[in-house]
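To keep things clear, I will list the structure first and then write my remarks on it.
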Amino acid sequence: MSFWDRLYLPGLIKGMLTTLKHIPKKKFTYQYPEDPRSVEERNDRYRGVHKLPLDPEGNVKCVACFMCATACPADCITIQGGPAPEGWKTKEGYQREKYPEVFEINMLRCIFCGYCVEACPEDAIQMTGITLPQYFRERQTEGEVLGGSRKDFIFDRDMLIDNNDIPEQGLHPNS
Amino acid sequence: MAAPQPESKIIELKPFTDEMIVSMGPQHPSTHGVLRLELKLDGEVVRDAIPHIGYLHRCFEKHSENLNYQQIIPFTDRMDYIAAMNMNWGFCLAVEQLMAKEEGKFPGVPERGEYLRILIGELNRIGSHLLSFGTYGMDIGAFTPFLYAFRDREKILLLFEKICGARLTYNYIRVGGVSRDTPPGFMDEVKEFIDYFEPQIDVYNSLLTANRIFIERTANVAVMDAEMAINYGITGPNLRGAGLQWDLRKDETYSIYDRFDFDVPVGRDIPELGVVSGDCWNRYKVRMDEMKESVRIIRQILESGLPDGPVQAELKAVRPPKGEIFSRSEAPRGELGFYIVSDGTPKPVRVKAKSPCFTALSALQELSRGLMVADIIAIIGSIDIVMGEVDR
């Protein structure tokens, strides 16, 4: 190694030159929670928080067939089926047989693999394009911090139905 | 264990300090996860380094016995979370080979599925090597390469997010093919990325590979010759860094790798840099060269274009026949093996994963003896371990 190499100056200067070249260029980073770009870029395959879509009459599509709970590798879906209320019609106009009295997803267990969406024969469970932290940030009221206790992570049927108003596209069967 | 004590008459001439035991980790930023090293130090010299593993143990193998074959795939994501696509692939390959043992059980992966697997697998290899390159620079003391590597890895992750909907735990490659076809315009984006990325490799090389300070830290440090590497069962870039040309993609071709033209980079002696084959620098350089080869493979896919057709074979059920299989594939960190015993039911009786990082970590003790503490960091970075895969 020559004296010049021993100074380590060429290495330093070369490195600095590459760095300096990038200073006038456009920034690649963005401020994650404040900058909404990260959410807008989500596509229709993104595996986020679940939702239970409604049929045209406004009733929950789910027929409590347990396919999603069976397919779930993390065993995070709890369903309790019951006879559907009078007047709930199928697509063909018959009285529906079953609906989920209890539909809970334990988000602490969920690994967001998307198998429930693939398994569902009725397209009655889909995913939104937002992650859990984003979900909590959107849902919490002033002065409240969601996600502080385990109870906050157990999403019941009504919460999952409410997720239908989340506009971002997530995983659905046709994607 | 007491340090080797010199004879009493020369004790004044060569005084040994007391042996000190230092616990490095598990929360050390440069141990790449939760690795704890029990260092026996004599001053600054490492007399022994005993790796303590298991901090990230999640019972993957036992847990798999209670799941059916499809359900295990998302858990393989969590083994090597840097290269989750290749983990998916390795497991699916094992299940497919097991199913193919019975005549007519497995129709074979469709052409388009195979192409997509290779495209995604090689993209993930680039992503994994980028992370390895970036963190290695950071361990050694160069922060800039880390930012560069993560900037470009982000582009790969965005591509993956478009095709499978997740950035880290993809669950994309399934038994019989891949889960989803490409979204519109995906191949153009891959082309755009590759066009951007290929010249970037030279930027990385000018940033870190040829950097004098980096060479000083890594050249001729912890030399692992080919014989030692074979004795320890080391595979992947660590073995190729020792100068041995062994790559399952070429030597034991699986999928359709035999249709692609690529080289297997190996480590070599470069006297003017003071580099010898099998040292930290060569293990690092092999990864840099492999990125170029991956780019070459992806370019060939882009030129030929994806064939038309389905992406997944139509399987009635994933229920391999009674029997057992050991299948291996070339993950970015080495040979990933899966040993599966089936009794003909939808759930496996036993799943054993042979992880490349575990064997690489086992050589750490011998590699680090007699070196300085700072060299340990250089070794851990150069063997490129992911603790999720070591502990499973």
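Can you tell me which residue in the stretch B:62-79 is farthest from the other protein chains (Cβ to nearest Cβ), limited to those that are β-branched (Val, Ile, Thr) and farther than 11 Å from B:PRO348 by Cα?
B:THR76
For B:LEU37, are the conditions met, namely being modelled with pLDDT under 90, more than 28 Å from B:ARG167 (Cβ to Cβ) and among the hydrophobic types (A, V, I, L, M, F, W, C)? Step through it out loud before you land on a result.
Working: modelled with pLDDT under 90: yes; more than 28 Å from B:ARG167 (Cβ to Cβ): yes; among the hydrophobic types (A, V, I, L, M, F, W, C): yes.
When the stated conditions are applied, B:LEU37 passes them.
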Exercise. When residues of the stretch B:248-288 are filtered for being farther than 16 Å from B:GLY334 by Cβ, of a type in the set (D, E, K, R) and buried (at least 21 other Cβ atoms within 10 Å of the Cβ), how many remain?
Worked result: 2
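Going by what's in this entry, would B:ASN205 be described as within 14 Å of chain A (Cβ to nearest Cβ) and at pLDDT 85 or above? So that I can check it myself, show each step before the final result.
Values: within 14 Å of chain A (Cβ to nearest Cβ): yes; at pLDDT 85 or above: yes.
Yes: the conditions hold for B:ASN205.
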Problem set entry | Pairs with Cβ under 9 Å, 6+ apart, first in the stretch A:105-122 and over 26 Å from B:ARG58 (Cα atoms), second among the basic types (Lys, Arg) and at pLDDT below 90 | A:CYS120/A:LYS61; A:GLU122/A:LYS61
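Looking only at the stretch B:250-276, which residues are among the acidic types (Asp, Glu) and out of contact with any strand residue (DSSP E or B) (no Cβ under 8 Å at 6 or more places or on another chain)?
Taking the stretch B:250-276 and keeping what is among the acidic types (Asp, Glu), we get B:251-252, B:258, B:261, B:263, B:269, B:272.
Residues satisfying the conditions are B:ASP251, B:ASP258, B:ASP261, B:ASP263, B:GLU272.
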Problem set entry | First in the stretch B:10-36 and assigned to a loop (DSSP other than H, G, I, E, B), second anywhere and modelled with pLDDT under 70 and of a type in the set (A, V, I, L, M, F, W, C), Cβ under 6 Å, 6 or more apart | B:PHE16/B:ALA3; B:GLU19/B:ALA3
Seminar exercise, completed: Taking the stretch A:43-71 and the residues there that are within 14 Å of another protein chain (Cβ to nearest Cβ) and buried (at least 22 other Cβ atoms within 10 Å of the Cβ), the one that is farthest from the chain's Cα centre (by Cα) would be A:CYS68
For this session: Out of the residues in the stretch A:23-42 that are surrounded by 11 or more Cβ atoms within 10 Å (Cβ to Cβ) and within 9 Å of chain B (Cβ to nearest Cβ), state the one that is modelled with the lowest pLDDT.
Result: A:GLU41
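The values are calculated or read from the model by the stated rules, or taken from the named source; none is laboratory data. Predicted, not measured: the structure shown is a model, and the values here were computed from it. FYI the Cβ positions are ideal-geometry reconstructions off the backbone, even for glycines, and counts take in every protein chain you see.
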